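See below for the structure under consideration.
Read-outs throughout are calculated quantities, based only on the coordinates presented, and are distinct from any laboratory measurement. These numbers were taken from a predicted model, which means no experiment stands behind them. Positions of Cβ are backbone-derived with ideal geometry, glycine not excepted, and every protein chain shown enters the neighbour counts.
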Amino acid sequence: MDGSMNGERAAVVALLRARPEGMSWPEIAAEVLEAGSALDVWHRLVPATLLNAPGEPDNLEAAARDVDAWTTQGNTLVTILDEDYPARLRGIHQAPPFLFARGTLLADDSAVSVVGSRQASDRGLATAADVARGLVSRGVTVVAGLALGIDTAAHRAALDVHGRTVAIIGTGINLTYPAQNRDLHGEIARRGLLLSQFWPDAPPRKPNFLMRNATMSGYGLATVVVEAGEQSGARAQARMAVEHGRPVILTEMVLKRNEWAQALVNRPGVHVASSPRTLLETVDRLIEERAIVGDELRRFASA
């Protein structure tokens, strides 16, 4: 990796630890993006007079040592300034300042999130698997959160047909959660991509999973909710996807069972599918519309 970018990565880590002027992580991410350099932000917001006392380790040097140690553990650290940071994710206001990765990063990954209940029905599990296989057949990456139930069914089905799947997790990347998915965790890291927006040894905490849902929405072209309850994380992700301007596809079983889904159904970009076939037809239309918009933007740029 380029030495100058290693310095920038260390500066991002140091800023997040120091939180100058009480800034939140999203505020630090926005400041770094606007400046185009975390080192510039560090030197502007952390005056030399406020740095370490004599004998204490230098904050930037300590951060750089940690970055090296994480790399030795097999993790790749990308910050919001890096070219291989997921481009679509960078566009949401909850964009994480950094991501830890194991596997193959693609800056412009054509991906769809498949989400739903941990305590899924047989019908829900079969639908998730059908949708995942259909996405793979279209060259689309399957994104899920490595939870039990719908997530596991989607990841497993994508791998079984030799497709690409991305797991965006709610813990540090060095941890396996839930324990039942230890083998799947490792297989996705080898054959797809494992992503975490938390420090590598961060334990599971309830707020982490809502943050993870925002990242899943931002990463993908759309969110598919297969089966969910009134208080599920899938519900939160569907709402966030609407806020992000990303399409949401709800199955009929989600619509019939949930008031939140019924409230969303008339919002722009929200679609209802009666079967895996009609759901994938909706995905086809969304991909076609994206291609048309992309062509128009390229023509405008070249005019």
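Beta-bridge orientation, the chain: approximately 25 percent antiparallel, per DSSP, counting only bridges with both partners inside. Residues whose amide H lies under 5 Å from that of Val272, counting only those 5 or more places away or on a different chain, are Leu250; hydrogens are built 1.01 Å from N in the peptide plane. In plain terms, the residue of Phe198, Phe98 with the fewest other Cβ atoms within 10 Å comes first and the most crowded comes last, giving Phe198, Phe98. The listed peptides 125-136, 278-289, 10-21, ordered by packing as a protection proxy, come out as 125-136, 10-21, 278-289 (highest mean of other Cβ atoms within 10 Å first). Considering only Gly245, Val41, Thr79, the residue lying farthest towards the positive end of the dipole of the chain is Gly245, judged by Cα position with unit charges set on Cβ. For Thr141, the residues whose modelled amide H falls within less than 5 Å of its own, excluding neighbours fewer than 5 places apart on the same chain, are Ser110, Ala111, Val112. Protection proxy ranking of 155-166, 259-270, 102-113, by the mean of other Cβ atoms within 10 Å over each peptide's residues and highest first, is 155-166, 102-113, 259-270.
The calculated FRET efficiency for Arg19 paired with Ala107, based on their beta-carbon distance and R0 = 25 Å, is about 0.35.
The stretch 1-43 and the stretch 104-120 have Cα centres spaced 28 Å apart.
When peptides 27-40, 212-225 are sorted by average Cβ neighbour count within 10 Å, with the highest value leading, the order is 212-225, 27-40. Across the options Ala158, Gln180, Phe198, the greatest Cα extent toward the positive end of the charge dipole of the stretch 158-225 (unit charges at beta carbon of Lys, Arg, Asp, Glu) belongs to Phe198. Each residue of the stretch 135-148 was assigned a 3J(HN,Hα) from its phi angle through the Karplus expression (A = 6.51, B = -1.76, C = 1.60, θ = phi - 60°), giving 5, 4, 5, 9, x, 9, 6, 9, 10, 8, x, 6, 7, 5 Hz with x at Gly and Pro. Proximity of backbone amide H atoms, modeled 1.01 Å from N, is registered between Val224 and Ser113, Val114, Val115, Ile249 at under 5 Å, excluding neighbours fewer than 5 places apart on the same chain. Residue-wise HN-Hα couplings along the stretch 221-234, as the Karplus relation 6.51 cos²θ - 1.76 cosθ + 1.60 with θ = phi - 60° gives them from phi, are 6, 7, 10, 9, 9, 7, 7, 7, x, 5, 10, 7, x, 4 Hz; Gly and Pro carry x.
Computed from label points 7 Å out along Cα-Cβ, the spacing between Ser37 and Arg90 is 1.8 nm. If you plug the beta carbon distance of Arg65 and Gln119 into 1/(1 + (r/R0)^6) with R0 = 41 Å, you get a FRET efficiency near 0.45. Against the main long axis of the alpha-carbon atoms of the chain, helix 25-35 sits at an angle near 70°. DSSP beta bridges fully contained in the stretch 55-189 are about 40 percent antiparallel.
Residue-wise HN-Hα couplings along the stretch 97-113, as the Karplus relation 6.51 cos²θ - 1.76 cosθ + 1.60 with θ = phi - 60° gives them from phi, are x, 8, 9, 9, 10, 10, x, 9, 7, 10, 5, 10, 8, 6, 9, 10, 7 Hz; Gly and Pro carry x.
The angle between the Cα long axis of helix 3-18 and the longest principal axis of the Cα atoms of the chain comes to about 90 degrees, rounded to the nearest 10.
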